Amino acid sequence: MTHRFAYNTNGAANHRLDDALHLIKAAGYDGVALTLDIHHLDPFAETWAAEAGRVASLLEKLELGCVIETGARFLLDPTAKHEPTLVTADAAGRARRVGFLKRAVEIGAMLSAEAVSFWAGVPKPGVDHGEARRWLTEGLHEVAAFASQAGIVPCLEPEPGMLIETLDDFVALEVPGLKLALDTGHCLVTGERDPAEAVREFADRIGTVAIEDMKRGSHIHLPFGEGDMDVPGVLAALEEVGFGKLVCVELSRESHRADVMIPQALEYLRGCRRPGPELAGEQETRRQWQ
């Protein structure tokens with residue numbers, strides 16, 4: 001089984017979207033994880049629908065698959081990163097987040113995206129977590145139902161520090177149609193599970209996968225070879241469970257050198273092998289990247 005890799009445009013924030021897509025294609029990726037943002041298909045621009053149609057045509061021309069990501073920092077509020085969220089105390093703020101996620105679903109449908117990925121948010125100090133879970137559940141039901149009607153797979157990503165930060169938190173949710181957006185690096189941050197074992201355990205619930213290197217306990221997305229991630233092990237697990245969707249590289253801190261990191265990340269992934277008799281050779285490849 002051949003893995004299908006994508007690169008997240010949040011790691012190409014200094015490039016025009018078209019230029020980023022051409023770089024991703026030229027490097028040899030099979031798709032793109034498109035983070036909707038003020039400079040990359042702004043979902044709140046008056047011309048968003050026309051732009052989505054144009055990008056859809058470009059993706060088709062480049063033969064790139066797509067996953068829609070929604071983690072832009074200041075898209076909804078220029079004064080507060082990632083706000084408002086599905087757990088914001090202000091009802092109007094939560095409604096705005098839901099509206100954004102619905103728009104992301106609409107764009108995903110126009111781009112024939114495999115999935116739309118999003119997260120819960122961080123409850124502000126003083127917010128009762130039980131009430132925040134109720135707000136979250138209401139929002140998730142609304143978004144998941146809208147996605148179902150549009151033929152799009154809605155995926156929730158557990159994020160360290162957020163209300164839903166572990167896979168067990170995800171399991172506790174009961175939202176019909178909601179799939180898991182598994183960021184394998186987050187497993188190293190929370191220490192909850194080995195990333196490869198998480199792939200096996202949640203194989204039937206995974207809607208999209210992100211991969212990068214990370215150090216245990218530290219939520220910093222690192223280039224491959226700079227952290228503790230057993231990348232060959234994760235890829236082997238994905239192959240074992242028959243995951244055929246895009247595996248998305250997320251190097252959100254590397255935009256300043258995206259021209260180098262986009263091809264290098266894929267080269268590293270293609271050089272990874274299942275641990276076995278040739279493990280020593282694989283380890284030498286790792287050392288060369290450190």
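The values are calculated or read from the model by the stated rules, or taken from the named source; none is laboratory data. Being a predicted model, the structure only gives us computed values, none of them experimental. As a convention, Cβ positions derive from the backbone with ideal geometry for all residues, glycine included, and neighbour counts pool all protein chains shown. Quick note on the areas: whole protein, heavy atoms, side chains included, nothing else; ligands and nucleic acids left out. Shrake-Rupley method; radii C 1.70, N 1.55, O 1.52, S 1.80 Å.
Some observations on this one:
- The listed residue being in contact with a Pro (Cβ under 8 Å, 6 or more places away or on another chain), open to solvent by less than 60 Å² (accessible area, probe 1.4 Å) and touching a residue at least 60 places away in the same chain (Cβ under 8 Å), out of Ala132, Ala115: Ala115
- When Ala50 is tested against (1) among the aliphatic types (A, V, I, L, M); (2) in contact with a His (Cβ under 8 Å, 6 or more places away or on another chain); (3) open to solvent by 60 Å² or more (accessible area, probe 1.4 Å), just one condition goes unmet, and that condition is (2).
- Any hit, region 65-75, residues being open to solvent by 10 Å² or more (accessible area, probe 1.4 Å) and more than 22 Å from Val209 (Cα to Cα): yes
- Filtering Ala203, Ala198, Ala236 for residues that are more than 17 Å from the chain's Cα centre (by Cα), at pLDDT 95 or above, not charged (D, E, K, R) and not in a strand (DSSP E or B) leaves a single hit, Ala236.
- Residue in region 86-96 that is farther than 18 Å from Gln149 by Cα, buried (at least 21 other Cβ atoms within 10 Å of the Cβ) and touching a Lys or Arg at 6+ places or on another chain (Cβ under 7 Å) present: yes
- Any hit, region 25-45, residues being more than 20 Å from the chain's Cα centre (by Cα) and assigned to a loop (DSSP other than H, G, I, E, B): yes
- Residue check for Ala49: out of contact with any Ser or Thr (no Cβ under 7 Å at 6 or more places or on another chain), more than 19 Å from Leu156 (Cα to Cα) and either touching a residue at least 24 places away in the same chain (Cβ under 8 Å) or of a type in the set (Phe, Trp, Tyr) (or both): yes
- Looking at Glu254, Glu250, Glu239, Glu197, just one residue is touching a strand residue (DSSP E or B) at 6+ places or on another chain (Cβ under 6 Å) and either of a type outside the set (A, V, I, L, M) or open to solvent by 50 Å² or more (accessible area, probe 1.4 Å) (or both), and that residue is Glu250.
- Restricted to region 10-34, and to residues there that are without any contact (Cβ under 8 Å) to a residue 60 or more places away in the chain and in contact with a Leu (Cβ under 9 Å, 6 or more places away or on another chain), the residue that is most open to solvent (accessible area, probe 1.4 Å) is His22.
- The residues in region 84-112 that are in contact with a Pro (Cβ under 9 Å, 6 or more places away or on another chain), part of a loop (DSSP other than H, G, I, E, B) and among the hydrophobic types (A, V, I, L, M, F, W, C) can be counted, and the count is 2.
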